[in-house]
Amino acid sequence: MRFAPILLSSTLIASTLLAGRASANDDTEPTRIPDSAIAIAHDLRERALADDSGWKIVESLTTEIGPRLPGSEADARAVEWAKAKFAELGYDKVWTEPVTFPKWERRSESAQVLGAHAQPLVVTALGGSPGGTIEAEIVRFESLEALQAAPEGSLSGKIAFVDVHMERTRDGSGYGKASPVRGRGPSEAIRKGAIGYLMRSIGTSPNRVANTGITRFDEGLAPIPSAALSLPDADQLGRLLQRGPVRVRLALDCGWSGEYTSQNVIGEITGSERPEEMVVIASHLDSWDLGTGAIDDASGVGITMAAARLIGQLPERPKRTIRVIAFANEEQGLIGARQYTERHANEIANHVIAAESDFGSGRIYGISSGAPERAQGAIRQIAEVLAPLGIEHMPGKGGPGPDIIPLAQAGGAWAWLGQDGTQYFDLHHNADDTLDKVDPADIAHNVAAYAVFAYLAAQAEGDFGSGAATP
Ligand SMILES: [Zn+2]
(Lines give C-alpha, C1' and ligand atoms only; values in the text may rest on other atoms or scores of the structure.)
Protein backbone atom coordinates (compact mmCIF):
# COMPACT_ATOMS: atom_id res chain seq x y z
CA MET A 1 0.00 0.00 0.00
CA ARG A 2 1.79 3.11 -1.22
CA PHE A 3 0.94 5.80 1.28
CA ALA A 4 3.65 8.44 0.96
CA PRO A 5 2.30 10.48 -1.95
CA ILE A 6 -1.29 10.17 -0.71
CA LEU A 7 -0.64 12.31 2.35
CA LEU A 8 0.75 15.22 0.38
CA SER A 9 -1.98 17.84 0.76
CA SER A 10 -4.17 18.03 -2.29
CA THR A 11 -3.36 21.74 -2.51
CA LEU A 12 0.39 20.99 -2.93
CA ILE A 13 -0.35 18.48 -5.69
CA ALA A 14 -2.88 20.90 -7.21
CA SER A 15 -0.34 23.72 -7.54
CA THR A 16 2.05 21.44 -9.44
CA LEU A 17 -0.81 20.29 -11.66
CA LEU A 18 -1.99 23.90 -12.16
CA ALA A 19 1.47 25.03 -13.30
CA GLY A 20 1.92 22.02 -15.64
CA ARG A 21 -1.28 22.34 -17.62
CA ALA A 22 -1.78 26.03 -18.46
CA SER A 23 0.66 26.16 -21.36
CA ALA A 24 -0.37 22.94 -23.28
CA ASN A 25 -2.27 23.00 -26.66
CA ASP A 26 -2.96 26.73 -26.75
CA ASP A 27 -3.09 26.80 -30.53
CA THR A 28 -6.55 25.31 -31.13
CA GLU A 29 -9.95 27.01 -31.17
CA PRO A 30 -11.10 28.42 -27.82
CA THR A 31 -13.61 26.18 -26.08
CA ARG A 32 -17.04 27.79 -25.98
CA ILE A 33 -20.48 26.97 -24.58
CA PRO A 34 -23.42 27.71 -26.90
CA ASP A 35 -25.94 30.33 -25.72
CA SER A 36 -28.76 27.77 -25.98
CA ALA A 37 -27.07 25.67 -23.30
CA ILE A 38 -26.53 28.70 -21.07
CA ALA A 39 -30.27 29.43 -21.15
CA ILE A 40 -31.11 25.85 -20.17
CA ALA A 41 -28.52 25.97 -17.38
CA HIS A 42 -30.14 29.02 -15.77
CA ASP A 43 -33.39 27.08 -15.53
CA LEU A 44 -31.61 23.92 -14.35
CA ARG A 45 -29.98 25.93 -11.53
CA GLU A 46 -33.33 27.19 -10.26
CA ARG A 47 -34.97 23.76 -10.49
CA ALA A 48 -32.08 22.21 -8.54
CA LEU A 49 -32.40 24.77 -5.75
CA ALA A 50 -36.00 23.64 -5.26
CA ASP A 51 -35.11 19.95 -5.38
CA ASP A 52 -34.50 17.93 -2.20
CA SER A 53 -33.37 14.65 -3.79
CA GLY A 54 -29.76 15.34 -2.84
CA TRP A 55 -30.55 15.56 0.84
CA LYS A 56 -32.81 12.49 0.62
CA ILE A 57 -29.88 10.49 -0.77
CA VAL A 58 -27.64 11.66 2.11
CA GLU A 59 -30.41 10.72 4.57
CA SER A 60 -30.78 7.27 2.99
CA LEU A 61 -27.07 6.44 2.97
CA THR A 62 -26.32 7.66 6.50
CA THR A 63 -29.48 6.05 7.95
CA GLU A 64 -29.71 2.72 6.10
CA ILE A 65 -25.95 2.01 5.89
CA GLY A 66 -24.35 4.32 8.48
CA PRO A 67 -20.56 4.12 9.02
CA ARG A 68 -18.82 2.50 6.01
CA LEU A 69 -15.24 1.61 6.97
CA PRO A 70 -13.37 0.20 3.95
CA GLY A 71 -13.39 -3.59 4.14
CA SER A 72 -16.17 -3.76 6.73
CA GLU A 73 -19.49 -5.57 6.14
CA ALA A 74 -21.02 -2.11 5.73
CA ASP A 75 -18.67 -1.50 2.79
CA ALA A 76 -20.41 -4.29 0.87
CA ARG A 77 -23.87 -3.05 1.88
CA ALA A 78 -22.95 0.46 0.74
CA VAL A 79 -21.97 -0.86 -2.70
CA GLU A 80 -25.35 -2.61 -3.07
CA TRP A 81 -27.08 0.54 -1.79
CA ALA A 82 -25.33 2.71 -4.40
CA LYS A 83 -26.12 0.38 -7.30
CA ALA A 84 -29.78 0.31 -6.28
CA LYS A 85 -29.87 4.10 -5.75
CA PHE A 86 -28.44 4.85 -9.21
CA ALA A 87 -31.03 2.53 -10.74
CA GLU A 88 -33.85 4.07 -8.67
CA LEU A 89 -32.79 7.54 -9.83
CA GLY A 90 -33.10 6.54 -13.47
CA TYR A 91 -29.48 6.36 -14.60
CA ASP A 92 -28.93 4.87 -18.04
CA LYS A 93 -26.01 2.65 -17.05
CA VAL A 94 -24.84 1.40 -13.65
CA TRP A 95 -21.86 -0.87 -12.99
CA THR A 96 -19.09 -1.57 -10.55
CA GLU A 97 -15.34 -2.03 -10.86
CA PRO A 98 -13.40 -4.05 -8.26
CA VAL A 99 -10.95 -2.36 -5.90
CA THR A 100 -8.67 -4.51 -3.75
CA PHE A 101 -6.74 -3.41 -0.67
CA PRO A 102 -5.48 -4.62 2.75
CA LYS A 103 -8.20 -4.43 5.41
CA TRP A 104 -7.76 -2.48 8.64
CA GLU A 105 -10.12 -3.09 11.58
CA ARG A 106 -10.91 -1.22 14.78
CA ARG A 107 -12.25 -3.34 17.64
CA SER A 108 -11.80 -1.35 20.88
CA GLU A 109 -9.78 1.56 22.24
CA SER A 110 -9.27 3.38 25.53
CA ALA A 111 -6.75 5.47 27.44
CA GLN A 112 -6.30 6.71 30.95
CA VAL A 113 -4.03 8.95 32.95
CA LEU A 114 -2.44 6.84 35.70
CA GLY A 115 -1.28 7.84 39.19
CA ALA A 116 -2.25 10.78 41.39
CA HIS A 117 -4.49 12.45 38.75
CA ALA A 118 -5.95 9.25 37.33
CA GLN A 119 -8.79 9.81 34.85
CA PRO A 120 -10.04 8.59 31.46
CA LEU A 121 -9.00 10.15 28.17
CA VAL A 122 -11.00 10.27 24.93
CA VAL A 123 -8.88 8.75 22.17
CA THR A 124 -9.28 6.98 18.84
CA ALA A 125 -6.77 4.78 17.02
CA LEU A 126 -5.31 6.15 13.81
CA GLY A 127 -6.11 4.07 10.74
CA GLY A 128 -3.24 1.66 10.08
CA SER A 129 -2.19 1.58 13.73
CA PRO A 130 -1.31 -1.78 15.27
CA GLY A 131 -3.03 -2.84 18.48
CA GLY A 132 -1.36 -3.13 21.86
CA THR A 133 -1.58 -2.08 25.49
CA ILE A 134 1.19 0.16 26.84
CA GLU A 135 1.76 2.15 30.01
CA ALA A 136 4.45 4.83 29.92
CA GLU A 137 5.42 8.42 30.63
CA ILE A 138 4.39 10.88 27.91
CA VAL A 139 6.68 13.50 26.37
CA ARG A 140 4.92 16.48 24.81
CA PHE A 141 6.05 18.25 21.63
CA GLU A 142 4.53 21.48 20.29
CA SER A 143 5.34 20.54 16.69
CA LEU A 144 6.42 17.69 14.44
CA GLU A 145 9.70 19.53 13.91
CA ALA A 146 10.33 19.52 17.68
CA LEU A 147 9.82 15.75 17.72
CA GLN A 148 12.14 15.36 14.73
CA ALA A 149 14.75 17.42 16.59
CA ALA A 150 14.63 15.25 19.72
CA PRO A 151 17.85 13.36 20.42
CA GLU A 152 18.07 9.73 19.16
CA GLY A 153 16.77 7.28 21.76
CA SER A 154 15.48 10.10 23.98
CA LEU A 155 11.98 8.62 23.90
CA SER A 156 13.02 5.10 24.73
CA GLY A 157 10.16 3.41 26.62
CA LYS A 158 8.03 6.55 26.45
CA ILE A 159 4.96 7.78 24.58
CA ALA A 160 5.42 10.74 22.25
CA PHE A 161 2.61 13.33 22.46
CA VAL A 162 2.49 15.85 19.60
CA ASP A 163 0.17 18.74 20.45
CA VAL A 164 -0.33 20.81 17.28
CA HIS A 165 -3.31 23.16 17.05
CA MET A 166 -5.06 23.12 13.67
CA GLU A 167 -6.10 26.48 12.23
CA ARG A 168 -9.79 26.93 11.30
CA THR A 169 -9.93 28.18 7.68
CA ARG A 170 -12.60 28.43 4.97
CA ASP A 171 -10.50 26.62 2.34
CA GLY A 172 -9.22 23.85 4.62
CA SER A 173 -5.58 24.92 4.26
CA GLY A 174 -5.15 24.37 8.00
CA TYR A 175 -5.55 20.65 7.34
CA GLY A 176 -2.73 20.57 4.82
CA LYS A 177 -0.42 22.10 7.41
CA ALA A 178 -1.46 19.77 10.24
CA SER A 179 -1.90 16.43 8.49
CA PRO A 180 1.82 15.48 8.53
CA VAL A 181 1.48 15.17 12.34
CA ARG A 182 -0.84 12.22 11.67
CA GLY A 183 0.99 10.80 8.65
CA ARG A 184 4.62 11.31 9.62
CA GLY A 185 4.46 11.57 13.42
CA PRO A 186 4.43 7.88 14.38
CA SER A 187 7.51 7.09 12.27
CA GLU A 188 9.42 10.04 13.75
CA ALA A 189 8.47 8.90 17.27
CA ILE A 190 9.68 5.36 16.55
CA ARG A 191 13.03 6.76 15.39
CA LYS A 192 13.40 8.36 18.82
CA GLY A 193 12.63 5.10 20.59
CA ALA A 194 8.99 5.75 21.51
CA ILE A 195 6.70 2.75 22.27
CA GLY A 196 3.50 4.69 21.56
CA TYR A 197 2.19 7.80 19.82
CA LEU A 198 -0.49 10.25 20.91
CA MET A 199 -1.48 13.40 19.04
CA ARG A 200 -3.93 16.24 19.36
CA SER A 201 -6.68 15.49 16.86
CA ILE A 202 -6.41 17.26 13.54
CA GLY A 203 -9.66 19.10 14.06
CA THR A 204 -11.34 22.23 15.35
CA SER A 205 -14.16 20.83 17.49
CA PRO A 206 -14.45 22.03 21.09
CA ASN A 207 -16.45 18.87 21.78
CA ARG A 208 -14.92 15.84 23.44
CA VAL A 209 -14.56 13.87 20.21
CA ALA A 210 -11.35 12.47 18.72
CA ASN A 211 -10.60 12.56 14.97
CA THR A 212 -9.23 9.45 13.35
CA GLY A 213 -7.53 9.25 9.96
CA ILE A 214 -4.94 7.16 8.22
CA THR A 215 -1.31 7.04 9.29
CA ARG A 216 1.60 5.10 7.90
CA PHE A 217 4.86 3.62 9.11
CA ASP A 218 8.07 4.01 7.13
CA GLU A 219 9.59 0.92 5.62
CA GLY A 220 11.66 -1.06 8.12
CA LEU A 221 10.14 0.48 11.26
CA ALA A 222 8.19 -1.65 13.75
CA PRO A 223 4.77 0.06 14.02
CA ILE A 224 3.63 1.32 17.46
CA PRO A 225 0.12 1.90 18.87
CA SER A 226 -0.89 5.36 17.62
CA ALA A 227 -3.97 7.37 18.56
CA ALA A 228 -5.49 10.85 18.52
CA LEU A 229 -6.91 12.70 21.55
CA SER A 230 -9.92 14.97 21.60
CA LEU A 231 -8.94 18.63 21.84
CA PRO A 232 -10.24 18.99 25.43
CA ASP A 233 -8.24 15.88 26.42
CA ALA A 234 -5.09 17.22 24.73
CA ASP A 235 -5.51 20.44 26.72
CA GLN A 236 -6.05 18.41 29.93
CA LEU A 237 -2.82 16.49 29.35
CA GLY A 238 -0.99 19.76 28.72
CA ARG A 239 -2.19 21.16 32.05
CA LEU A 240 -1.30 17.95 33.91
CA LEU A 241 2.22 18.06 32.44
CA GLN A 242 2.66 21.56 33.86
CA ARG A 243 2.15 19.91 37.24
CA GLY A 244 4.77 17.19 36.70
CA PRO A 245 5.45 13.94 34.83
CA VAL A 246 2.37 12.09 33.52
CA ARG A 247 1.99 8.36 32.85
CA VAL A 248 -0.67 7.12 30.45
CA ARG A 249 -2.15 3.70 29.70
CA LEU A 250 -3.13 3.27 26.02
CA ALA A 251 -5.06 0.12 25.04
CA LEU A 252 -5.84 -0.37 21.34
CA ASP A 253 -7.35 -3.47 19.78
CA CYS A 254 -7.06 -2.87 16.04
CA GLY A 255 -4.89 -3.79 13.05
CA TRP A 256 -4.54 -5.09 9.52
CA SER A 257 -6.15 -8.42 8.65
CA GLY A 258 -6.03 -9.83 5.16
CA GLU A 259 -7.20 -8.37 1.89
CA TYR A 260 -10.61 -7.14 0.78
CA THR A 261 -12.24 -6.37 -2.57
CA SER A 262 -14.73 -3.52 -2.67
CA GLN A 263 -16.12 -1.72 -5.73
CA ASN A 264 -16.11 1.69 -7.37
CA VAL A 265 -19.78 2.23 -8.18
CA ILE A 266 -20.47 4.15 -11.39
CA GLY A 267 -23.66 5.57 -12.89
CA GLU A 268 -24.04 7.28 -16.26
CA ILE A 269 -26.37 9.61 -18.07
CA THR A 270 -25.40 8.71 -21.63
CA GLY A 271 -24.56 11.54 -24.00
CA SER A 272 -26.49 12.03 -27.23
CA GLU A 273 -23.75 13.24 -29.62
CA ARG A 274 -20.39 12.27 -28.08
CA PRO A 275 -21.29 9.47 -25.63
CA GLU A 276 -17.67 8.28 -25.44
CA GLU A 277 -16.65 11.64 -23.99
CA MET A 278 -17.34 12.01 -20.27
CA VAL A 279 -17.79 14.77 -17.75
CA VAL A 280 -16.98 13.17 -14.39
CA ILE A 281 -18.46 14.27 -11.08
CA ALA A 282 -17.35 12.19 -8.13
CA SER A 283 -17.40 11.47 -4.41
CA HIS A 284 -16.26 8.60 -2.23
CA LEU A 285 -18.62 5.98 -0.81
CA ASP A 286 -16.53 4.87 2.14
CA SER A 287 -16.27 6.66 5.46
CA TRP A 288 -14.56 6.35 8.78
CA ASP A 289 -16.44 4.39 11.44
CA LEU A 290 -16.88 6.89 14.31
CA GLY A 291 -19.87 8.86 12.88
CA THR A 292 -22.17 7.99 9.97
CA GLY A 293 -20.01 9.75 7.37
CA ALA A 294 -22.65 12.43 6.69
CA ILE A 295 -20.29 15.25 5.67
CA ASP A 296 -17.51 12.84 4.70
CA ASP A 297 -18.66 11.93 2.24
CA ALA A 298 -22.36 11.03 2.05
CA SER A 299 -22.91 14.71 1.20
CA GLY A 300 -20.74 14.31 -1.91
CA VAL A 301 -22.60 11.12 -2.88
CA GLY A 302 -25.97 12.91 -2.58
CA ILE A 303 -24.80 16.08 -4.35
CA THR A 304 -23.32 14.31 -7.39
CA MET A 305 -26.03 11.64 -7.76
CA ALA A 306 -28.80 14.29 -7.59
CA ALA A 307 -27.04 16.70 -9.97
CA ALA A 308 -26.67 14.19 -12.81
CA ARG A 309 -30.20 12.90 -12.24
CA LEU A 310 -31.56 16.41 -12.86
CA ILE A 311 -29.52 16.65 -16.09
CA GLY A 312 -30.96 13.27 -17.13
CA GLN A 313 -34.46 14.70 -16.68
CA LEU A 314 -33.87 17.56 -19.15
CA PRO A 315 -36.01 17.46 -22.31
CA GLU A 316 -32.81 17.03 -24.34
CA ARG A 317 -29.98 14.72 -23.35
CA PRO A 318 -26.55 16.26 -22.76
CA LYS A 319 -24.18 15.93 -25.73
CA ARG A 320 -21.45 14.27 -23.68
CA THR A 321 -21.95 11.56 -21.09
CA ILE A 322 -22.20 12.51 -17.40
CA ARG A 323 -20.31 9.88 -15.39
CA VAL A 324 -20.92 9.84 -11.62
CA ILE A 325 -18.33 7.85 -9.68
CA ALA A 326 -18.69 6.82 -6.01
CA PHE A 327 -15.10 5.79 -5.31
CA ALA A 328 -14.16 3.03 -2.90
CA ASN A 329 -11.69 3.48 -0.06
CA GLU A 330 -10.66 7.09 -0.36
CA GLU A 331 -9.90 7.28 3.34
CA GLN A 332 -6.98 4.87 3.38
CA GLY A 333 -5.27 6.48 0.45
CA LEU A 334 -7.33 7.21 -2.66
CA ILE A 335 -7.29 3.46 -3.33
CA GLY A 336 -10.43 3.33 -5.50
CA ALA A 337 -9.35 6.41 -7.46
CA ARG A 338 -5.87 5.03 -8.14
CA GLN A 339 -7.19 1.70 -9.36
CA TYR A 340 -9.82 3.49 -11.48
CA THR A 341 -7.15 5.58 -13.18
CA GLU A 342 -4.99 2.50 -13.84
CA ARG A 343 -8.00 0.65 -15.28
CA HIS A 344 -8.90 3.60 -17.56
CA ALA A 345 -5.35 4.66 -18.43
CA ASN A 346 -6.02 4.37 -22.17
CA GLU A 347 -9.02 6.71 -22.14
CA ILE A 348 -7.83 9.67 -20.09
CA ALA A 349 -8.51 12.05 -23.00
CA ASN A 350 -12.18 11.01 -22.97
CA HIS A 351 -12.42 12.18 -19.37
CA VAL A 352 -13.11 15.67 -20.66
CA ILE A 353 -13.13 17.26 -17.19
CA ALA A 354 -13.62 15.97 -13.63
CA ALA A 355 -14.64 17.46 -10.27
CA GLU A 356 -15.16 15.89 -6.85
CA SER A 357 -17.40 16.86 -3.94
CA ASP A 358 -15.46 15.75 -0.88
CA PHE A 359 -15.42 18.70 1.49
CA GLY A 360 -18.65 18.40 3.36
CA SER A 361 -21.97 20.14 2.82
CA GLY A 362 -20.85 23.75 3.07
CA ARG A 363 -21.88 26.13 0.27
CA ILE A 364 -19.65 26.61 -2.77
CA TYR A 365 -17.99 30.04 -3.02
CA GLY A 366 -15.55 29.62 -5.92
CA ILE A 367 -14.89 27.80 -9.17
CA SER A 368 -11.66 27.26 -11.08
CA SER A 369 -10.04 24.77 -13.44
CA GLY A 370 -6.56 23.66 -14.44
CA ALA A 371 -7.69 23.69 -18.08
CA PRO A 372 -5.47 25.51 -20.64
CA GLU A 373 -6.03 29.20 -21.32
CA ARG A 374 -8.06 28.48 -24.46
CA ALA A 375 -10.69 26.74 -22.33
CA GLN A 376 -10.80 29.28 -19.51
CA GLY A 377 -13.44 31.27 -21.41
CA ALA A 378 -15.81 28.31 -21.04
CA ILE A 379 -15.04 28.18 -17.30
CA ARG A 380 -15.86 31.89 -17.10
CA GLN A 381 -19.16 31.19 -18.89
CA ILE A 382 -19.98 28.50 -16.30
CA ALA A 383 -19.04 30.90 -13.49
CA GLU A 384 -21.49 33.49 -14.87
CA VAL A 385 -24.37 31.02 -14.54
CA LEU A 386 -23.20 30.16 -11.01
CA ALA A 387 -22.89 33.81 -9.92
CA PRO A 388 -26.51 34.01 -8.61
CA LEU A 389 -25.49 31.26 -6.15
CA GLY A 390 -22.78 33.55 -4.76
CA ILE A 391 -20.04 31.63 -6.54
CA GLU A 392 -17.06 33.50 -8.03
CA HIS A 393 -14.60 32.54 -10.77
CA MET A 394 -11.29 32.13 -8.89
CA PRO A 395 -8.57 31.28 -11.42
CA GLY A 396 -5.45 29.90 -9.74
CA LYS A 397 -7.35 28.85 -6.62
CA GLY A 398 -8.09 25.33 -5.50
CA GLY A 399 -7.14 22.10 -7.19
CA PRO A 400 -8.40 18.64 -8.07
CA GLY A 401 -10.45 16.89 -5.38
CA PRO A 402 -8.66 14.04 -3.57
CA ASP A 403 -10.00 11.24 -5.78
CA ILE A 404 -9.43 13.31 -8.92
CA ILE A 405 -5.70 13.71 -8.18
CA PRO A 406 -4.71 10.36 -9.79
CA LEU A 407 -6.73 11.22 -12.91
CA ALA A 408 -5.20 14.72 -13.02
CA GLN A 409 -1.70 13.28 -12.60
CA ALA A 410 -2.48 11.05 -15.59
CA GLY A 411 -3.35 14.14 -17.67
CA GLY A 412 -7.07 14.55 -17.00
CA ALA A 413 -8.52 18.06 -16.79
CA TRP A 414 -10.01 19.03 -13.46
CA ALA A 415 -12.36 21.61 -12.03
CA TRP A 416 -12.62 22.86 -8.46
CA LEU A 417 -15.92 23.87 -6.91
CA GLY A 418 -14.64 25.23 -3.64
CA GLN A 419 -16.84 24.73 -0.58
CA ASP A 420 -16.85 26.70 2.65
CA GLY A 421 -15.06 24.36 5.06
CA THR A 422 -15.10 26.62 8.11
CA GLN A 423 -17.04 24.03 10.16
CA TYR A 424 -15.82 20.97 8.26
CA PHE A 425 -13.10 20.01 10.71
CA ASP A 426 -15.49 20.18 13.67
CA LEU A 427 -16.92 16.94 12.27
CA HIS A 428 -14.18 15.47 10.03
CA HIS A 429 -13.39 11.85 10.93
CA ASN A 430 -15.09 12.00 14.35
CA ALA A 431 -18.26 10.76 16.05
CA ASP A 432 -20.10 14.04 15.41
CA ASP A 433 -20.16 13.44 11.63
CA THR A 434 -23.90 12.72 11.55
CA LEU A 435 -26.93 13.72 9.45
CA ASP A 436 -28.21 16.40 11.84
CA LYS A 437 -25.16 18.50 10.84
CA VAL A 438 -26.24 18.61 7.16
CA ASP A 439 -28.48 21.48 6.07
CA PRO A 440 -30.82 20.45 3.20
CA ALA A 441 -30.62 23.96 1.67
CA ASP A 442 -26.81 23.72 1.55
CA ILE A 443 -27.07 20.40 -0.25
CA ALA A 444 -29.54 21.86 -2.78
CA HIS A 445 -27.11 24.76 -3.35
CA ASN A 446 -24.31 22.27 -4.10
CA VAL A 447 -26.56 20.19 -6.36
CA ALA A 448 -27.41 23.32 -8.35
CA ALA A 449 -23.73 24.17 -8.80
CA TYR A 450 -22.70 20.63 -9.83
CA ALA A 451 -25.68 20.28 -12.20
CA VAL A 452 -24.83 23.56 -13.94
CA PHE A 453 -21.10 22.75 -14.10
CA ALA A 454 -21.56 19.22 -15.45
CA TYR A 455 -24.28 20.14 -17.94
CA LEU A 456 -22.39 23.08 -19.43
CA ALA A 457 -19.13 21.13 -19.66
CA ALA A 458 -21.08 18.40 -21.49
CA GLN A 459 -22.42 20.97 -23.97
CA ALA A 460 -19.11 22.77 -24.54
CA GLU A 461 -17.71 22.95 -28.05
CA GLY A 462 -14.04 22.15 -27.62
CA ASP A 463 -12.31 20.41 -24.75
CA PHE A 464 -10.58 21.27 -21.46
CA GLY A 465 -7.15 19.93 -22.33
CA SER A 466 -7.41 16.33 -21.11
CA GLY A 467 -4.84 14.03 -22.66
CA ALA A 468 -2.35 11.42 -21.52
CA ALA A 469 0.22 13.15 -19.28
CA THR A 470 3.70 13.31 -20.77
CA PRO A 471 5.78 10.89 -18.60
ZN1 LIG B 1 -13.58 12.46 2.37
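Here R106 clears all of (1) over 30 Å from F453 (Cα atoms); (2) more than 21 Å from the chain's Cα centre (by Cα) except the condition numbered (2).
Residues in segment 87-110 that are touching an Asp or Glu at 6+ places or on another chain (Cβ under 9 Å) and among the hydrophobic types (A, V, I, L, M, F, W, C) were compared, and the one that is surrounded by the fewest Cβ atoms within 10 Å (Cβ to Cβ) is W95. For segment 224-245, the count of residues that are within 15 Å of the ligand (Cβ to nearest atom), of a type in the set (G, A, S) and not in a strand (DSSP E or B) is zero. Of all the residues in segment 41-83, those that are over 21 Å from the mean Cα position of the chain (by Cα) and open to solvent by less than 60 Å² (accessible area, probe 1.4 Å) number 6. For V113, the conditions (1) under 22 Å from A431 (Cβ atoms); (2) β-branched (V, I, T); (3) buried (at least 21 other Cβ atoms within 10 Å of the Cβ) are fulfilled apart from (3). Each residue in segment 290-305 was checked for being more than 11 Å from the ligand (Cβ to nearest atom) and farther than 27 Å from L229 by Cβ, and 4 pass. Only one entry of G174, G193, G157 meets the criterion of being surrounded by 16 or more Cβ atoms within 10 Å (Cβ to Cβ) and over 22 Å from W288 (Cα atoms), and that entry is G193.
Is it true that R249 is outside any strand (DSSP E or B) and of a type outside the set (V, I, T)? Against the criterion (outside any strand (DSSP E or B) and of a type outside the set (V, I, T)), R249 does not qualify.
Counting the residues of segment 306-332 that are under 16 Å from L44 (Cα atoms), open to solvent by less than 10 Å² (accessible area, probe 1.4 Å) and either in a helix (DSSP H, G or I) or within 16 Å of the ligand (Cβ to nearest atom) (or both) gives 5.
Answer with yes or no whether E268 is modelled with pLDDT of 95 or more, charged (D, E, K, R) and away from the ligand (no atom under 14 Å from the Cβ). Against the criterion (modelled with pLDDT of 95 or more, charged (D, E, K, R) and away from the ligand (no atom under 14 Å from the Cβ)), E268 qualifies.
A387 - would you say it is outside any loop (DSSP other than H, G, I, E, B), open to solvent by less than 10 Å² (accessible area, probe 1.4 Å) and at pLDDT 95 or above? Against the criterion (outside any loop (DSSP other than H, G, I, E, B), open to solvent by less than 10 Å² (accessible area, probe 1.4 Å) and at pLDDT 95 or above), A387 does not qualify. Looking only at residues in segment 350-384 that are of a type in the set (S, T, Y) and not in a loop (DSSP other than H, G, I, E, B), the one that is farthest from I33 (Cα to Cα) is Y365. Within segment 116-150, the set of residues being part of a loop (DSSP other than H, G, I, E, B) and among the aliphatic types (A, V, I, L, M) comprises A118, V122, L126, A149, A150. Is at least one residue of segment 431-443 among the hydroxyl-bearing types (S, T, Y) and either within 30 Å of H42 (Cβ to Cβ) or outside the structural domain of G333 (by TED's automatic domain parsing) (or both)? Looking through segment 431-443, none of the residues is among the hydroxyl-bearing types (S, T, Y) and either within 30 Å of H42 (Cβ to Cβ) or outside the structural domain of G333 (by TED's automatic domain parsing) (or both). Filtering D432, D436 for residues that are part of a loop (DSSP other than H, G, I, E, B) and out of contact with any Pro (no Cβ under 9 Å at 6 or more places or on another chain) leaves a single hit, D432.
Could you tell me which of the residues D442, D426 is within 16 Å of the ligand (Cβ to nearest atom), part of a helix (DSSP H, G or I) and surrounded by fewer than 24 Cβ atoms within 10 Å (Cβ to Cβ)? On inspection, the qualifying residue turns out to be D426.
In segment 286-303, the residues that are without any contact (Cβ under 8 Å) to a residue 24 or more places away in the chain form no Cβ pair under 9 Å with any partner that is within 11 Å of the ligand (Cβ to nearest atom) and open to solvent by 10 Å² or more (accessible area, probe 1.4 Å), whether six or more places apart or across chains. Quick check on G258: is it at pLDDT 95 or above, farther than 30 Å from D163 by Cα and open to solvent by 10 Å² or more (accessible area, probe 1.4 Å)? Yes; evaluated as a whole, the condition is true for this residue.
Selection of first residues in segment 33-54 that are under 20 Å from G302 (Cα atoms) and of second residues that are surrounded by 18 or more Cβ atoms within 10 Å (Cβ to Cβ) and charged (D, E, K, R), restricted to Cβ pairs under 7 Å at least 6 apart or on distinct chains, gives the following pairs, ordered by first then second residue: S53/R309.
The values are calculated or read from the model by the stated rules, or taken from the named source; none is laboratory data. Because the structure is a prediction, the values reported are computed rather than measured. Using ideal geometry, Cβ is built from the backbone for each residue, glycine included, and neighbour counts are taken over all protein chains shown. The area values use the complete protein model at the heavy-atom level, side chains included, leaving out ligands, DNA and RNA. Shrake-Rupley method; radii C 1.70, N 1.55, O 1.52, S 1.80 Å.
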